[in-house]
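First comes the structure, then the notes that go with it.
Just so it is clear, none of the values below were taken in a lab; they were calculated from the coordinates. Computed from a prediction, not measured in an experiment: that's the story for all the values here. Quick reminder, even Gly has a Cβ in these numbers, built from the backbone with ideal geometry, and neighbours come from all protein chains shown.
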Amino acid sequence: MAWHEEGQGTPVVLVHGTPSSSREWRDVARRLSPSYRVLAPEHLGFGDSERPGDWRTYSLPWHVENLRAWFDQMALGPFHLVVHDFGGPIALPLAIAAPERVLSLTVVQSWLWDLKGPNVDNALMRWLYLSWNFSARTLVKMSWGRRTKLTRELHQSFMSRFPDRASRMGTWGFARSISHEGPWMDEQGQGLGRLADIPSLIVWGKADTLVKPEHLSRWRQALPRARVLELEDVGHFPQLEAPDAVGTALQERLLGS
């Protein structure tokens, strides 16, 4: 596993989702690094990490164990945790297992329960993900908001991270997990109450067409003491679409925790 790191001080761990890498956190990291040691790991199959060639490898429990091994290797001590998208189902089970290590929790457009999405595990969708780069080419555009334009250059930066079929196994693995690993996510989510007393921030782009407002309601129930930042005209990637707002909210949350 590769990771991006900058700054010194108390660790802040930023966990990305799909179709992405640590790059989605660079603007936010730049704002935090004068005061914190910011680390953004890249899941296997993404960014500069190795990309195993069999999509059947890419289960959520497998990603959890990879991240657990990375935490053990880094020996960070207590840290602030920020999760986005599939970063939640991957990192939150580790936080639930050891809440005493988590100084604060920030959830950005994420979940830890069955999304109850359509079954996409079929030949057509596999072809679209692996041959057409569907996740980066289409879903990013579908879920982007109106506050910040998704320029051709920015969209190309998503697609260029997955240049061929072999590099897209991770994105297809995440898509399949929605169809097959909902019960596992529900089981993990039963432990969210162990995080309820941790200082928490929920950042939510209200224009996201993929992870919709009912999931924000679930977070309000799971973390009733959390501060909630709702962003108008922002879609699925608040850290890219509104980095100033997200960076400021994180600084306030971290400094106040």
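Here are the numbers for this structure:
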| quantity | calculated |
| --- | --- |
| Computed over the range 106-219, Kirkwood Rh from alpha-carbon pairs, angstrom | 15.9 Å |
| The range 135-140 - phi-based ³J(HN,Hα) in whole Hz, Karplus 6.51/-1.76/1.60, Gly and Pro as x | 4, 6, 6, 10, 5, 4 |
| Cα centroid separation, the range 78-123 to the range 184-257 (Å) | 11 Å |
| The range 97-114 - phi-based ³J(HN,Hα) in whole Hz, Karplus 6.51/-1.76/1.60, Gly and Pro as x | 5, 9, x, 5, 8, 9, 6, 7, 10, 10, 10, 10, 6, 9, 6, 8, 6, 5 |
| Sum of side-chain charges, ALA245 neighbourhood, beta-carbon under 14 Å (Lys, Arg +1; Asp, Glu -1) | -2 |
| Longest site-free stretch - the chain; sites: trypsin sites (Lys or Arg not before Pro), DSSP loop, at most 16 other Cβ within 10 Å | 1-115 |
| Amide proton proximity set for ARG37, modelled H, under 5 Å, gap of 5+ | GLN8, GLY9, THR10, VAL12 |
| Antiparallel %, DSSP beta bridges [both residues in the range 3-255], to 5 | 15 percent |
| Long-range tail of P(r) for the range 10-153 (Cα pairs > 21 Å, %) | 48 percent |
| Normalised contact order of the range 75-124, rounded percent, pairs of Cα under 8 Å and 6 or more residues apart | 45 percent |
| Size of electric dipole in the range 85-139: Cβ of Lys, Arg +1 and of Asp, Glu -1, about Cα centre, debye, nearest 20 | 160 debye |
| Qualifying lysines (Cα of each under 25 Å from Cα of LYS116; at least 8 residues distant if same chain) | LYS141, LYS206, LYS212 |
| The range 3-255 shape via C-alpha gyration tensor axes, a/c threshold 1.5 | rounded |
| Karplus-derived HN-Hα couplings along the range 231-244 (A = 6.51, B = -1.76, C = 1.60, θ = phi - 60°), whole Hz, x at Gly and Pro | 10, 5, 6, 10, x, 7, 10, x, 5, 9, 7, 9, x, 5 |
